[in-house]
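Nothing in this text is a laboratory measurement; each read-out follows from the coordinates by a stated rule. The structure displayed is predicted, hence computed values, not measured ones. In this analysis, Cβ positions are derived from the backbone assuming ideal geometry, glycine residues included, and neighbour counts consider all displayed protein chains.
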Amino acid sequence: MKANWENEKVSLFKNLLLAGVAAASLSGMAYAANDMSPEAVAERTMPVGSVYTAADLEGIIDTAAAGGDSGEPAEPRSGEAVYNAACSACHGTGAAGAPVKGDAAAWGPRVDKGRDTLLSHALNGFNAMPARGACGNCSDEEIANAVDYMLDAI
């Protein structure tokens, strides 16, 4: 009986030793796979956000087109540009009862009221259309350009 117990202790010891060697090997491989170079550590621990300076953004933003540092205002956007950015969602599809650009029958009664009335509706909103057609950064001149662009299509 004692010999049997001795064999079990040896077998248990071998199994524990084998498990310990396997665990040490795996943890060593995991450590080796983890890049601990200063560059890798710096990249993993850098802040989420960054502050950009004007020098960082040079060439990305055209300050002249945005009316930046030149001291002169930017050129107003064309009617087509404003239409594509703000008006086409409704006036391209007829959403919320908006007359579709180029549909003379739908625009007829509106045109009969005159351009000034159409411009007033575009600037101040009318029925389902929000003021400025939801183009909050459009100037009055740009809204007028968009109105003229749509009127020229009929």
task = Please arrange 143, 154 by counting, for each residue, the other beta carbons lying within 10 Å of its beta carbon, fewest first.
result = 154, 143
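Which of the peptides 92-98, 49-55, 136-142 is most tightly packed, and how do the rest follow, judged by the mean count of other Cβ atoms within 10 Å per residue?
Values: 92-98: 12.4, 49-55: 7.3, 136-142: 14.1.
Descending mean neighbour count gives 136-142, 92-98, 49-55.
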request  = Mind ranking 18-25, 41-48 by how tightly packed they are, going by the mean number of other C-beta atoms within 10 angstrom, highest first?
outcome  = 18-25, 41-48
task = Enumerate the residues in the range 107-132 having an amide nitrogen under 12 Å from the point lying 7 Å beyond the Cα of residue 151 toward its Cβ.
result = 110-122
